[in-house]
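The values are calculated or read from the model by the stated rules, or taken from the named source; none is laboratory data. Computed from a predicted structure; not experimentally measured. Methodologically, a virtual Cβ is constructed for each residue, glycine included, from the backbone with ideal geometry; neighbour enumeration extends over all protein chains shown. SASA here: full protein model, heavy atoms, side chains in, ligands and nucleic acids out. Shrake-Rupley method; radii C 1.70, N 1.55, O 1.52, S 1.80 Å.
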Amino acid sequence: MNGRPQQDSLTECDVLVIGGGPAGSAVAPLLAQKGYRVVLLEKAHHPRFHIGESLLPANLPLLEQLGVADEVRAIGMEKWGAEFVSPWHAHGQAFQFADAWDKSMPHAYQVKRADFDHILIRNAARKGVEVIEGCKVKTVDFLPDDQGVIIRAEHDDGREAGWKARFVVDASGRDTFLANRFQIKHKNPRHNSSAMYAHFSGAVRNAGQAEGNITIFWFEHGWFWFIPLSDGSTSVGATVWPYYMKTRAGRSLGQFLSDTIATCPPLAERLKDAKMVTEAEATGNFSYVSERNHGSNYLLLGDAYAFIDPVFSSGVMLAMNSGFEGAKAIDACLSRPREAAAALKQFDHVMKHGPKAFSWFIYRITNPTMRDIFMAPRNIFRVKEALLSVLAGDIFGKTPIWTGLRIFKVIYYLSFIGNFRQSLAGWQRRRVNIKPVDETGLGVGR
């Protein structure tokens, strides 16, 4: 990616952003509003289907700052909490965001990502970003001595285009454009899962204010999500251990998803009269992290840097937050070079903090000890409020949740010891479950 690439016919800009999802559509307008010339290249055309429809309360202040809160409210299904259903317990357990430590963020939204992402990228264009859709980045070359970056891309119609930028931002999501080219992307050795999903009509929802709540159903091979959307459809997906995808055995992906739903009676009951209204899709083993998230003239944002299991719906919030932090770091690098090192160090800290805060719970969420705690939460020393703050995505501000979370972890480890045989067996099963499998024939995609 180094060398001396041709610089003829290049359009100059300050920042070029690769990808028009939540991360790219957050960082781009924030920089444009500071007076930078920003180009955003998106390979698809919005609106386009995307999974990951469940927002967190911590998303809402970010939407306010971007100026799109009213537009998102108009398309969103109010989400006041989350419900967990376990086949190993006789009851479901609901968590209300209003019971978190910070009572000022009592709800979030479920959104169709096609509509949500379209709102964000149109907002970027209104704020002065040059948005080019249907344009796929092909190469990125870094000039010697930090003299800039040359980006070449191809339009849908085959036309080629090039830019010379002072800074490049990889917000390409799971395409992980720069991480792949730097060869710094690695599967997460501590977690491994696959997913398949579709939208359904006619699903049975909760009554009243709880209608829009997300429901998580544990089952033998992983967990399901059930996300009600404002148009009456419901997003349903199964996040499973990799070995399970290998049991598909020639079935269509839609049939395999339906057969998997049938193994979870509480979910099957809510879908007994439902109809699958989109094609089923799947993604292979998808938990990964990159060795680094920045250099002197580039950043990796959101899923372009790391992706963790979506059980706590953290993806959009982490992506958007990385856009806000990235804008601050880039502004320092381009306008206040003396502050660049400190700004990039802070950016690195924030980027690592988010996945770390969620991962401790994700690595243990299928252990019997953790399930028992989730299904019978207590607020000793405000630990339930601290846990709810994590579920709400309130992990970057000044909310004093960390002592409560440390106490929660002590309770977990003591409970683990108290139920040592059962907990150890669960831990050993998980070690087997996360082992990679050959992804050939998993049916990734449609």
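What to note about this one:
- Count - residues of the stretch 392-441 that are part of a loop (DSSP other than H, G, I, E, B) and either open to solvent by less than 40 Å² (accessible area, probe 1.4 Å) or of a type in the set (A, V, I, L, M) (or both): 8
- Among the residues listed as Thr283, Thr247, the single one being open to solvent by 10 Å² or more (accessible area, probe 1.4 Å), of a type in the set (Val, Ile, Thr) and within 21 Å of the chain's Cα centre (by Cα): Thr283
- For the stretch 59-72, the criterion of a residue being closer than 16 Å to Arg113 by Cα, modelled with pLDDT of 95 or more and under 15 Å from the mean Cα position of the chain (by Cα) is satisfied by at least one position.
- Candidates Ala268, Ala282, Ala262, filtered to the one that is of a type in the set (Gly, Ala, Ser), over 30 Å from Arg336 (Cβ atoms) and modelled with pLDDT under 95: Ala282
- Cβ-Cβ contacts under 6 Å between residues 6 or more apart (or on different chains), taken from a first residue in the stretch 339-357 that is under 16 Å from Met317 (Cα atoms) to a second residue that is in a helix (DSSP H, G or I) and among the charged types (D, E, K, R), are listed as Phe347/Glu325; Val350/Glu325.
- Matching residues in the stretch 146-184 - criterion: being on the phi < 0 side of the Ramachandran plot and part of a helix (DSSP H, G or I): Arg174, Asp175, Phe177, Leu178, Ala179, Asn180, Arg181, Phe182
- Positions within the stretch 196-212 being free of Cβ contacts under 8 Å to residues at least 12 places away in the same chain and outside any loop (DSSP other than H, G, I, E, B), in sequence order: Gly208
- Within the stretch 289-317, considering residues that are among the aromatic types (Phe, Trp, Tyr) and part of a strand (DSSP E or B), the one modelled with the lowest pLDDT: Phe307
- Among (1) within 30 Å of Glu220 (Cβ to Cβ); (2) open to solvent by less than 30 Å² (accessible area, probe 1.4 Å); (3) over 22 Å from the mean Cα position of the chain (by Cα) - the single one His89 does not satisfy: (2)
- Residues of the stretch 334-348 that are closer than 25 Å to Leu63 by Cα and either open to solvent by less than 30 Å² (accessible area, probe 1.4 Å) or of a type in the set (Ser, Thr, Tyr) (or both): Ala343, Leu344, Phe347.
- Any chance Ser193 is touching a Gly at 6+ places or on another chain (Cβ under 7 Å), small (Gly, Ala, Ser), open to solvent by 20 Å² or more (accessible area, probe 1.4 Å) and touching a residue at least 60 places away in the same chain (Cβ under 8 Å): no
- Residue match in the stretch 29-41 (condition: touching a His at 6+ places or on another chain (Cβ under 7 Å) and within 30 Å of Phe97 (Cα to Cα)): no
- Qualifying residue in the stretch 98-112 (condition: assigned to a helix (DSSP H, G or I) and touching a residue at least 60 places away in the same chain (Cβ under 8 Å)): yes
- One residue alone among Lys187, Lys275 is out of contact with any Cys (no Cβ under 9 Å at 6 or more places or on another chain), over 25 Å from Met77 (Cβ atoms) and among the charged types (D, E, K, R), and that residue is Lys187.
- Looking across the stretch 1-54 at every residue that is modelled with pLDDT of 95 or more, assigned to a loop (DSSP other than H, G, I, E, B) and small (Gly, Ala, Ser), the one that is surrounded by the fewest Cβ atoms within 10 Å (Cβ to Cβ) is identified as Gly35.
- Looking across the stretch 113-141 at every residue that is in a loop (DSSP other than H, G, I, E, B) and in contact with a helix residue (DSSP H, G or I) (Cβ under 7 Å, 6 or more places away or on another chain), the one that is least open to solvent (accessible area, probe 1.4 Å) is identified as Val129.
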